[in-house]
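Take a look at the structure set out below.
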Amino acid sequence: MSDFKYLVTVIIPVYNTQDYIEECVLSIENQKMDVSKIEVLLINDGSKDQSGNICENLSKKYANITYICKDNSGVSDTRNIGIQRARGKYIMLLDSDDYLDKKSIKNLVDFFDKHYNEVDLITYPIYWDRNGKISLHGRYSSKNYDKGTGIYDLNQYPHLN
C-alpha cells in the first residue's frame with residue numbers, strides 16, 4: 001500500500017442523522033473486504049441530536065473509525081477537514097444517511113486499481129430505499145457511459161451523481 005496506512009478512507013460528515021448513522025457505518029464495517037484496510041472518519045458538524053454520541057460509541061467499538069467533533073460549518077468544510085485527515089490511498093465521500101452494498105468498496109478499489117492512470121473519479125448509480133422499496137434515482141443515466149465501461153469523460157459529462 002505504499003506510504004498509505006489504509007487502502008480507503010471513507011469520509012462521513014454527520015449532521016442530525018441519529019436515525020441513519022449506525023446503518024451507514026455498519027454498511028462499511030460489513031464490506032466484503034478486510035475492513036482493517038478501510039479508515040472511517042465520522043465528522044460531527046455540530047449535530048443537535050444524539051448523532052455525536054452514536055458516532056463516539058461507534059469509534060470506541062471499531063478500531064478503524066475516528067470520531068471528530070467540530071462546530072457547524074457546512075458539509076463542504078466538513079468534507080475538506082476529512083480530506084486533510086485522510087490516510088487512505090483512495091478517498092470516498094459518503095453521506096451519513098446513506099449506506100453501501102457489501103461489495104461497493106471492493107468493486108471501487110478493484111476498478112481504480114485497474115484504471116489507476118486513467119480515472120480520477122468514480123461514480124455509480126444511486127438507489128433510493130424508501131421503507132424497503134428500492135428504486136433507481138431518477139437523475140442517473142446509463143447513456144452517459146463510454147462504451148458501457150462506466151468511464152465518464154468529465155469534460156463531456158460534468159454533472160455526476
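Filter segment 87-133 for residues that are open to solvent by less than 40 Å² (accessible area, probe 1.4 Å) and outside any loop (DSSP other than H, G, I, E, B) and give the result. Within segment 87-133, G88, Y90, M92, S104, I105, L108, V109, F112 qualify.
Cβ separations smaller than 6 Å between residues 6+ apart or across chains give the following pairs from segment 1-20 residues that are over 15 Å from N53 (Cα atoms) and open to solvent by 10 Å² or more (accessible area, probe 1.4 Å) to residues that are at pLDDT 95 or above and assigned to a loop (DSSP other than H, G, I, E, B): K5/R87; Y6/R87. Scanning segment 58-69 for any residue that is charged (D, E, K, R) and either in a strand (DSSP E or B) or without any contact (Cβ under 8 Å) to a residue 40 or more places away in the chain (or both) turns up at least one such residue. Of the residues making up segment 22-53, those that are surrounded by fewer than 21 Cβ atoms within 10 Å (Cβ to Cβ) and either aliphatic (A, V, I, L, M) or assigned to a strand (DSSP E or B) (or both) are L26, M33, V35.
Among the residues of segment 33-42, is there at least one that is farther than 18 Å from L100 by Cβ and touching a strand residue (DSSP E or B) at 6+ places or on another chain (Cβ under 7 Å)? It would help to see each step written out before you state the result.
At the first step, the residues of segment 33-42 found to be farther than 18 Å from L100 by Cβ are none.
No: zero hits.
Candidates in segment 4-33 are the residues that are aromatic (F, W, Y) and at pLDDT 95 or above; of these, the one that is farthest from K61 (Cα to Cα) is Y15. Do we have any residue at all in segment 75-86 that's assigned to a loop (DSSP other than H, G, I, E, B) and open to solvent by 80 Å² or more (accessible area, probe 1.4 Å)? So far as segment 75-86 goes, no, none of its residues is assigned to a loop (DSSP other than H, G, I, E, B) and open to solvent by 80 Å² or more (accessible area, probe 1.4 Å).
The values are calculated or read from the model by the stated rules, or taken from the named source; none is laboratory data. The shown structure was predicted, so the numbers you read here are calculated from the model rather than taken from an experiment. Using ideal geometry, Cβ is built from the backbone for each residue, glycine included, and neighbour counts are taken over all protein chains shown. Ligands, DNA and RNA are stripped out before the accessible areas are found, and what is left, the full protein with its side chains, is counted by its heavy atoms. Shrake-Rupley method; radii C 1.70, N 1.55, O 1.52, S 1.80 Å.
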